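Reviewing the structure listed below.
The values are calculated or read from the model by the stated rules, or taken from the named source; none is laboratory data. As the structure is a computational prediction, the values presented were derived from the model and not from experiment. Please note: Cβ atoms are built from the backbone with ideal geometry, for glycine as well, and neighbour counts cover all protein chains shown. The protein model used for the area step is the full one, side chains on, heavy atoms only, and it has no ligands, DNA or RNA in it. Shrake-Rupley method; radii C 1.70, N 1.55, O 1.52, S 1.80 Å.
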Amino acid sequence: MATEAPPRWDRKMQQRLAHGEAAALGELYDRFASLVHTLAHRVLSDETAADRVTREVFGYVWENPGAYDPKQGSLRSWIAALTHRQAVERLRQSQSDGENTPEEIEERVREASAAARADYIVTSMPAPLRAALDLAYLRRLDYRQAAVDLGVTEDEARRRLRLGLQLLSTAHHAPRVPSPPAHGGVR
């Protein structure tokens, strides 16, 4: 999905990485390491493998900052996509080691893909929708309490929750993830 101009931070970070600024990699790592590790762990269910994928993804970003195309979306989305691809590739490699059946692997890939899409949908939502969902699901407030905290009418709180949930429900209705090529690391 093409977007308008990416945020200034994304463009500046890409430029800093392209110039070999080590501090930029540290800043990028601080900002996205948790996301990368969490996504990798969702796919692999293995702490050591998630750590390895995290190192591989940041190594790839450091060595290939020009691979990020700001016209295709945010830097965060690109890093999440890299992580997902690398973790799925590792999971499929584990199939050849006899650790999981093909059906188990495909189910884990589907679950991880839905989780990654849900994460992307929530972080991409307009702030008012995200705030309503946070109040309802993280703080366990009903729509009346959420309305008070948000400073909106009960009808508006219900509307925001309904729309947020409708957007979130699309995470489970996406096409299956295609198999990556047989060899190589993050692309």
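Just the residues that are at pLDDT below 90 and either more than 17 Å from Ala112 (Cβ to Cβ) or exposed (fewer than 14 other Cβ atoms within 10 Å of the Cβ) (or both), please, taken from segment 46-72. Can you show your working first?
Taking segment 46-72 first, the residues at pLDDT below 90 are 46, 69-72.
Passing the criteria: Asp69, Pro70, Lys71, Gln72.
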Scanning segment 73-94 for residues that are more than 18 Å from Thr48 (Cβ to Cβ), modelled with pLDDT under 90 and surrounded by fewer than 22 Cβ atoms within 10 Å (Cβ to Cβ) gives Gly73, Ser74, Arg76, Ser77, Ala81
Can you tell which of Ala157, Ala147 is in contact (Cβ under 8 Å) with a residue 24 or more places away in the chain, outside the structural domain of Val43 (by TED's automatic domain parsing) and over 18 Å from the mean Cα position of the chain (by Cα)? Ala157
Condition (residue is part of a loop (DSSP other than H, G, I, E, B), more than 30 Å from Gly73 (Cβ to Cβ) and among the aliphatic types (A, V, I, L, M)) applied to segment 131-144: is it met by at least one residue? yes
Could you check Arg16 against (1) open to solvent by less than 50 Å² (accessible area, probe 1.4 Å); (2) touching a Pro at 6+ places or on another chain (Cβ under 7 Å); (3) among the charged types (D, E, K, R) and say which number it fails? (2)
Count of residues meeting criterion [at pLDDT below 75, closer than 12 Å to Leu44 by Cα and either polar (S, T, N, Q) or part of a helix (DSSP H, G or I) (or both)] in segment 95-104: 2
